[in-house]
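Take a look at the structure set out below.
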Amino acid sequence: MLNDSAALRHVLDQVEVVAPTDATVLVLGETGTGKELIARAIHDASGRHDRPFIKVNAAAIPSGLLESELFGHERGAFTSAIAQRIGRFELADGGTLFLDEVGEIPLELQPKLLRVLQEHEFERLGGTRTITVDVRMIAATNRDLAGMVGAGCFRDDLFYRLNVFPIAIPPLRERAEDIDALVDHFVGHFARRLNRRIDVIPSETRKALRQHPWPGNVRELENVIQRAVILSQSGRLALPPLRIESPIRPTQDEAETLDSIERAAIARALEQTSWVVGGPRGAAARLGLKRTTLQSMMKRFGLPLPRERTDDVSRVAG
Ligand SMILES: Nc1ncnc2c1ncn2[C@@H]1O[C@H](COP(=O)(O)OP(=O)(O)OP(=O)(O)O)[C@@H](O)[C@H]1O
Ligand SMILES: [Mg+2]
């Protein structure tokens, strides 16, 4: 992680201090500032580094599926729960759970999250057996959680429990000293990947990059450099015009795997179609997939398959 600025070095000092403890960490920062990178750095520097690092993005999962995603479900827990499913907390046992976009956790699920943080225990959805786990939690958000508490959409007890050790990553425009090194790093990276030679970064290009306000932070810089490397033919870095674009939506996290993006898209289409898979108004048609293809993808991603169409119709009607 590049860190020429005092601000980022301070962040990394905090990482070093907190990593070996089991304290819950709340990583705060605008989109693209490196929250996920920091979460991984904490895990890697902790005694749990050879245990799983499990990531859940609360914004990418429909709220109705989030409880099962985090805590798992027993067979028959709900109409379409045809098999038992292990949740992310169980998968993270002994390791770290990175809960991204924690501000998106619905109010009704927050007590269960608080309980697993405090008591290390929970029940699977539809289950009666209490499961105990040893999980270190790192949460992240680009939202103002304290403000959400004030507005009544985030529980104060959960907020205090998460806010034990907050780490705030400043936006890139407040640490312009980091820009030069990041530019060199990304130019080298994309030149190698695209098989291009870039020998010269003109000084006026560097100046423009240092002065841009970067609302999408490091991720935006990374994308701009990628585009620049593609456009550069003569060995000189050719900068595309720098516009002030609206920040990239955090749910379109490019660091996410293709699988998780597909899974989120499928889950969203299913929610929008009330879990109707086939037919002209079903999720398969909406996604441009064959019904059987969608069904096998749902199976692969552990999304519950509706038992039968009539079931769905009654759910829609009810
Ligand atoms: N200091 C840094 N050095 C090198 N690369 C960095 C640094 N900070 C961020 N990056 C890169 O910038 C990109 C965005 O980082 P990351 O995904 O961690 O941001 P984020 O805060 O989680 O964003 P979002 O809120 O959109 O999810 C990644 O490709 C990451 O590798
Ligand atoms: Mg992120």
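The values are calculated or read from the model by the stated rules, or taken from the named source; none is laboratory data. It should be emphasised that the depicted structure is a prediction, and the values quoted were computed from it without experimental measurement. All Cβ positions, glycine included, derive from the backbone under ideal geometry; neighbour counts span all protein chains shown. Surface accessibility is based on the protein's heavy atoms, side chains included, excluding ligands, DNA and RNA. Shrake-Rupley method; radii C 1.70, N 1.55, O 1.52, S 1.80 Å.
Worth pointing out:
- Scattering profile of region 102-186 at q = 0.18, 0.19, 0.23, 0.26 Å⁻¹ [log10 I(q)/I(0), Debye over alpha-carbon scatterers]: -0.85, -0.91, -1.14, -1.32
- Principal-axis tilt of helix 217-231 within the chain, Cα atoms, nearest 10 degrees: 60 degrees
- Nearest 10 degrees, 0 to 90: helix 258-272 Cα axis against the chain principal axis: 50 degrees
- Considering only S232, I167, H185, the residue lying farthest towards the positive end of the dipole of region 127-274 is S232, judged by Cα position with unit charges set on Cβ.
- Within the accessible area of the chain (1.4 Å probe), percent carbon and sulfur: 50 percent
- Principal axis analysis of the Cα atoms in region 163-227 yields extents of 47, 25, 16 Å, listed in decreasing size.
- Debye log10 I(q)/I(0) at q = 0.13, 0.19, 0.22 Å⁻¹ for region 126-246, Cα point scatterers: -0.69, -1.00, -1.21
- Estimated 222 nm signal from helices in the chain, with DSSP H stretches of n ≥ 4 weighted -39500 (n - 2.57), rounded to 500: -12500 deg cm²/dmol
- Pairs beyond 22 Å (Cα-Cα), from K35/K112; K55/K299; K35/K207: K35/K112; K35/K207
- Considering only the chain, percent of DSSP beta bridges that pair antiparallel, nearest 5: 15 percent
- Alpha carbon Rg of region 1-148, scaled by the compact-globule rule 2.2 N^0.38 Å: 1.10
- In the chain, the longest principal axis of the Cα atoms and the axis of helix 179-194 are about 70 degrees apart.
- For region 14-66, projected area of the alpha-carbon convex hull averaged over all directions, nm²: 4.5 nm²
- Amide H contacts under 5 Å for V277, placed H, 5+ residues apart: A283
- Square roots of 5 times each gyration tensor eigenvalue, C-alpha, the chain, largest first, Å: 38, 27, 17
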